[in-house]
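**Q** I have a structure I would like to understand better, so I am pasting it below and will then ask my questions one at a time.
Every number here is computed from the coordinates shown, using simple stated rules; none is lab data. Source: prediction; values computed, not measured. Cβ placement follows ideal geometry from the backbone for every residue including glycine, while neighbour counts extend to all protein chains displayed.
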Amino acid sequence: MRRLLTGAVCLVVATTAIVVGVSSTAWAAAENQIITFSHRCTVINDDARTEGVICADIQFRLTTSSVQARSAGQGVCQDWGGGTTRQCRGISYDVGLFRDSGNATQLTSANGRCGSFGGSACPASGRLIVYTPWYTIGSKPPPGFCLFLVFADLWTSVRNNSFRFLTSSGTFSGPNVASAHADTICRASNGTWSVS
C-alpha cells in the first residue's frame, strides 16, 4: 500500500472506499471549490510548423453528501516548439475517468471532436476542452476525516488522439496521455479539503 498521509490513522478492511481519522495534512481548497488534482500535457505529434498537445486533468468536488470526480481532456494546437496557440483544422480524442481495482475500469467518458473530425469548427483559441460527467466516488467524509480509495486509484486517460493542422495535410496521431493517480480525499475541521 502506498503512503497515505502523515499522521493518518488507517485501518484497511476492504478494497473499496473507507473513512478514517487524520491528525495532520496540507489543505488545498475551500469546500465549495473544484480541485484540479493533476494536469499533464504531452506533445503528441507535429508537422515542423504546428504541434498537437494533449492534456489530461482529473478534478474533484464535494457536494452536500458525496465526493465526486470527473476527467477533462484538452487538445491544443500551437506553434512548433511551444508558444502561440493557433486554430486547428481538426482535433479528435476520447477522455475517460478510470478506477484501478486490479483491472482498469472506465467510469465515465466523453469525446472531443471539432473541425474536420466532426462537430463545429475548432475553437479559434486553439484549445478544445471536454469534460466527462461527474461521478460519485463515495460519501463526503466528516470534518477531520479522510476518504481513502483503497486499491482503487482514480485517474484520467485521454486516448485515440489525432490532429489535423492548418499548416499541412494529413492526420497526425500520437500516444495516450494520463493524469496522476489520486486515492485520498480529506476534510479539515475548518472547512478546507485536499486530494492526494
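**Q** Could you order the peptides 112-122, 152-162 from most to least packed, using the average number of other C-beta atoms within 10 Å per residue?
**A** Descending mean neighbour count gives 152-162, 112-122.
**Q** Rounded to whole Hz and in sequence order, give me ³J(HN,Hα) for region 113-130 from the Karplus expression 6.51 cos²θ - 1.76 cosθ + 1.60, θ = phi - 60°, writing x for Gly and Pro.
**A** So the Karplus estimates, Gly and Pro as x, are 9, 8, x, 5, 8, x, x, 7, 4, 5, x, 4, 5, x, 10, 10, 10, 10 Hz.
**Q** Ordered by packing density, taken as the mean number of other Cβ atoms within 10 Å over each peptide's residues, highest first, how do 94-100, 38-44, 127-133 rank?
**A** Ranked from most to least packed, the peptides come out as 94-100, 127-133, 38-44.
**Q** Under a plain spin-label model, where a point goes 7 Å from the Cα along Cα-to-Cβ, how far apart in nm are Arg40 and Thr108?
**A** Placing both labels 7 Å beyond Cα along the Cβ direction yields 2.0 nm.
**Q** Would you calculate the separation in nanometres between label points at Thr84 and Ser65, each defined as 7 Å from the Cα along the Cα-to-beta-carbon direction?
**A** 5.3
**Q** Please list, in order along region 67-75, the HN-Hα scalar couplings obtained from phi with the Karplus expression 6.51 cos²θ - 1.76 cosθ + 1.60 (θ = phi - 60°), rounded to whole Hz, x for Gly and Pro.
**A** 9, 10, 9, 8, 10, 10, x, 9, x
**Q** Still on this structure, I have one more. Taking the Cα centre of region 34-122 as the origin, how large is its charge dipole in debye, to the nearest 20, when only Lys and Arg (+1) and Asp and Glu (-1) carry charge on their Cβ atoms?
**A** So the magnitude is around 260 debye.
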